[in-house]
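The block underneath contains the structure these notes are about, expressed in structure tokens.
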């Protein structure tokens, strides 16, 4: 009898999925089941709209609603009206400060009334890394009285346990932030900013906060 391979992937085992992947799969399942709850008129509307995109109404429904459920938004039973993205670039800068070893992250965002904005952020990366394909969702952009938005709490809520468990040194690491505009029809527009974590008491050179 031939020896069994030691690599689990060679034995046909599924790779270990992250909590985010499990959450996404659950949202796809919920959206798929929700399609069955629609009435005939609602399904017809989705099918007509989907035909212009060379797909099926069910696939379009699941695509839009899985993302909405994953982002903690209510499920849409009716095909959403088309909207436009906010004109021009709205993400102006990412500022990382390190005062007394307390690291803070703030985004400078131009006013975009009515825009649905979500923040995505990488773990601290080596300076030589300029592209990151694993940038997880932090959550909706917090409210602010001006154009500066503090995302420190969001960042550490997502990445803090990993940083603490692995005792990762932060100074000199690069952080990549994606700001994403979300439309009800599932379309998205992504803008990106990057900054290095400075030594204590020094401001990042990415931008200067007023």
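The values are calculated or read from the model by the stated rules, or taken from the named source; none is laboratory data. A quick note: this is a predicted structure, and the numbers were derived from the prediction, not measured. Cβ sites come from the backbone with ideal geometry, for glycine too, and all protein chains shown count toward neighbours.
Some notes on this structure:
- Test: residue in segment 141-153 that is crowded, with 18+ Cβ neighbours inside 10 Å, in contact (Cβ under 8 Å) with a residue 24 or more places away in the chain and part of a strand (DSSP E or B): yes
- Candidates 96, 62, 48 - the one that is out of contact with any helix residue (DSSP H, G or I) (no Cβ under 7 Å at 6 or more places or on another chain), crowded, with 20+ Cβ neighbours inside 10 Å and farther than 16 Å from residue 144 by Cβ: 96
- Only one of the numbered conditions (1) more than 22 Å from residue 115 (Cα to Cα); (2) in contact with a helix residue (DSSP H, G or I) (Cβ under 8 Å, 6 or more places away or on another chain) is not met by residue 36, and that is (2).
- Residue 78 fulfils the conditions (1) within 30 Å of residue 43 (Cα to Cα); (2) in contact with a strand residue (DSSP E or B) (Cβ under 8 Å, 6 or more places away or on another chain) except for a single criterion, (2).
- Candidates 110, 121, 115 - the one that is under 25 Å from residue 148 (Cα atoms), in contact with a strand residue (DSSP E or B) (Cβ under 9 Å, 6 or more places away or on another chain), surrounded by fewer than 15 Cβ atoms within 10 Å (Cβ to Cβ) and touching a residue at least 24 places away in the same chain (Cβ under 8 Å): 110
- Each residue in segment 12-45 was checked for being at pLDDT below 85, assigned to a loop (DSSP other than H, G, I, E, B) and under 22 Å from residue 70 (Cα atoms), and 4 of them qualify.
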